[in-house]
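Worksheet: the structure to be examined is printed underneath.
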Amino acid sequence: MVGNVNPEPEETPEEKSELLETQSVEEEVVDDGPSDDELVLKSQQGDVHAFDVLVERYHQKIYGLTYNMTSNREDAEDLTQEIFVKAFEALPRFKGKSSFYTWLYRIGVNKTINYRKKRNRKRALSLDSFDQDIKLDDAYHDLTAKGSPLRSISLSELQKKLNEALQGLSEKHRTVVVLHDMQGIPHDEIAKMVGASVGTVRSRLFYARRQMQNELSEFRK
């Protein structure tokens, strides 16, 4: 298992009691066409078209992951392509010990984190770099609305501030927020992807959301 994120101690009972509740979204079930397992097997046997189907199936999800972790559309597009290239090259060694979905996300998370670590300077955030196809998640409305209501602001202003708050998180905290709150991946799947316990994933979400709440305090009445 790849784990660029070092495990943390389990959260304390006090932390558990303060965890914000969000509804986990189960892995999407594909009703049409062959299963991931069938496509992986065909791909490993040299069927390039089968891998193209996997790329089409998960492209938008991987793009969403890389965009929300980099806040840059061009970087996200490049990283998405690189992630699928790496997955294709590594596919012969995929043994099916986890789902293809989990395995692919693990590649995506680690490649994106490595990219950010290598970047020499933080690029300036601009509304021009926002992809309007990446929608604000309901979890963020719940997050920002907790306590006193937000003052009246434009969507672009809120999106910009949310993005800045997200990019201000540490790598490990940003990762779990993107995977859970923006990608809808359940805690147990995230734990497999980042090489940590479910309790640690929940703890990271708790601290990340609290930090983002602090960053968004100026928008409250």
Checklist outcome for this item: In the stretch 193-215, residues that are in contact (Cβ under 8 Å) with a residue 40 or more places away in the chain and surrounded by fewer than 20 Cβ atoms within 10 Å (Cβ to Cβ) total 7
Checklist outcome for this item: Checked against (1) touching a helix residue (DSSP H, G or I) at 6+ places or on another chain (Cβ under 7 Å); (2) at pLDDT below 90; (3) not basic (Lys, Arg), residue 175 satisfies every condition except (2)
Next on the checklist: Residues that are modelled with pLDDT under 50, in contact with a strand residue (DSSP E or B) (Cβ under 7 Å, 6 or more places away or on another chain) and more than 25 Å from residue 82 (Cβ to Cβ): does the stretch 123-145 have at least one?
Outcome noted: yes
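The values are calculated or read from the model by the stated rules, or taken from the named source; none is laboratory data. Just so we're clear, the structure is a prediction, and the values are computed from it rather than from any experiment. All Cβ positions, glycine included, derive from the backbone under ideal geometry; neighbour counts span all protein chains shown.
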